[in-house]
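Report on one structure; see the data block that follows.
The values are calculated or read from the model by the stated rules, or taken from the named source; none is laboratory data. This is a predicted model, so every value here is computed, not measured. Backbone-built Cβ (ideal geometry, glycine too); neighbour counts: all protein chains shown. Only protein heavy atoms, including side chains, enter the accessible area calculation; ligands, DNA and RNA are left aside. Shrake-Rupley method; radii C 1.70, N 1.55, O 1.52, S 1.80 Å.
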Amino acid sequence: MPMEDFYRIRRLPPYVIAEVNAMRAAARQRGDDIIDLGMGNPDLPPPPHVIAKLAEVAAKPDAHGYSSSKGIPGLRRAQAGYYARRFGVELDPETEIVVTLGSKEGLANLAQAITAPGDVVLAPNPSYPIHTFGFIIAGATIRSIPTTPGPGFFASLERAVRFTVPKPTVMVIGYPSNPTAEVVDRGFYAEVVAFAREHKLWVLSDLAYAELYFDGKPTPSILEVPGAKEVAVEFTSMSKTYSMAGWRIGFAVGNRTLINALTRVKSYLDYGAFTPIQAAAVAALNGPQDIVAANRALYHKRRDVLVESFGRAGWDIPPPPASMFAWAPLPPALKDMGSLEFAKQLLTHARVAVAPGVGYGEEGEGYVRIALVENEQRLRQAARQIRRYLQSMGVNEAIRAHG
């Protein structure tokens, strides 16, 4: 039986970003030096005291059995402490927090827990793929809403609940946005909560980039809004904040009904993360927080280097206000090429990997996502290589303007 005959596989379109990933892997096998700005994979290590705690607990003979699917109590308490410090939000570690194997797993399993085939889910376009495909795999139908906040966002919500049959049951949002890096304020979240309460919608908020904000403007949590716990859960991750992406530790917090549903589904599917990893995550949340500010400053500097050097190369990129990504419009002279072909061209001719915007939804066409996961020297090297590529394509006017 061909794989395409399976019901859920048929519902998944080709993953266009995989085309660029395959090309990148093939180029590296040939020995090409590829500057990889495609995947948001941190290049920084976790704090030394976190690695030390991992090793300490792993050395204990009784640390290697099954762990707790819900997360060890100390880790749930540590996450409650983080929300209290950072957002002024009080959470019950027993009923309002569950540890996930990264935020991606949490979103996908919650989709399985609360979605029936045929349900309609409101999800941003463009957005991180799990925001839509987690629900598509669960059998839902997606109705797209804008990623960009503002009046158009809420007008789209009004149309969706007025004209969609059956009425939507879930709304997914995520700020700072992956891929667009857009941010929102507490007032936006207040409107979302009010809308969700009025129309009986569950809200899933993805706050994976909570601590990667720039220009001194901390990102808020939807749970800061009074009444938000009645309708919302929020997902966070230790991947970027503490450079622990491969450790796969995240959290879902908020509404007790949703947390209980996710906890129950997970109890059938996993035994939780390796206990030493959870203990090390406690050390990260409860220990010195120097790395949080240091990582924020480092990504901020990389952002500035990217914008400056790529601009001099002839490619103007708006500075992102948060996250570890830049959402870059294609150079105007090459816009008709499309984001997938442009990404392939950059890989082939400039030896720079980026992610095509169309991989994040049809509204992502015309953009590429650039991850700030190389050091400043490599970013400047990427700019020089891109400049030569743009010159070879006859994109000279912008380059001359930048000098």
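Some observations on this one:
- Computed over protein heavy atoms with a 1.4 Å probe, the carbon and sulfur contribution to the accessible area of the chain reaches 55%.
- Cross-link reach list, lysines versus K167, counting only Cα pairs under 17 Å and skipping chain neighbours closer than eight places: K200
- Sequence of S68, S239, S392 when ordered by accessible area, the most exposed leading, probe 1.4 angstrom: S392, S68, S239
- Under 5 Å between amide hydrogens, built in the peptide plane, is the criterion, and for G71 it picks out V99 among residues at least 5 positions away or on other chains.
- Each residue of segment 109-117 was assigned a 3J(HN,Hα) from its phi angle through the Karplus expression (A = 6.51, B = -1.76, C = 1.60, θ = phi - 60°), giving 6, 5, 4, 4, 6, 10, 10, 9, x Hz with x at Gly and Pro.
- Nearest 10 degrees, 0 to 90: helix 275-286 Cα axis against the chain principal axis: 80
- Average accessible surface area per residue within segment 1-135, 1.4 Å rolling probe, Å²: 50
- Ordering of 48-56, 94-102 by packing [mean C-beta count within 10 Å, highest first]: 94-102, 48-56
- Here's the picture: a label point sits 7 Å out from the Cα of M23 along the beta-carbon direction, and within segment 356-377 the residues with their amide nitrogen under 12 Å of it are 356-357.
- C-alpha long axis of helix 290-312 to longest principal axis of the chain, angle in °: 30
- Beta bridge orientation in segment 137-280: antiparallel %, DSSP, nearest 5: 35
- Choice from M324, M238, M23 showing the highest fluctuation, given a GNM over the chain with Cα pairs closer than 10 Å: M23
- Over all orientations, the chain has a Cα convex hull whose mean projected area works out to 21.3 square nanometres.
- Highest mean first, the peptides 294-300, 219-225, 248-254, 33-39 sorted by other C-beta atoms within 10 Å per residue fall in the order 248-254, 219-225, 33-39, 294-300.
- Acute angle (nearest 10 degrees) that the helix 48-58 long axis makes with the longest principal axis of the chain, alpha-carbon atoms: 50
- Positive end of the dipole of the chain (Cβ unit charges, origin at the Cα centre): among L390, V89, V233, the Cα lying farthest that way belongs to L390.
- Surface listing: W327, W202, W315 arranged by accessible area from highest to lowest gives W202, W327, W315, probe 1.4 Å.
- Amide H to amide H distances under 5 Å link Y242 with no residue, where only residues 5 or more positions off or on other chains count and H is placed in the peptide plane.
- Note on E90 and D304: their simple-model spin labels are 4.1 nm apart, each label 7 Å out from Cα toward Cβ.
- Under 12 Å from K70, Cα to Cα: aspartates and glutamates that are on another chain or at least 8 residues apart: E94, E96, D270
- When DSSP beta bridges are restricted to pairs lying wholly in the chain, around 45% turn out antiparallel.
- Residues Y128, Y7, Y82, Y271, sorted by accessible area with the largest first, give Y271, Y7, Y128, Y82 [1.4 Å probe; ligands and nucleic acids excluded].
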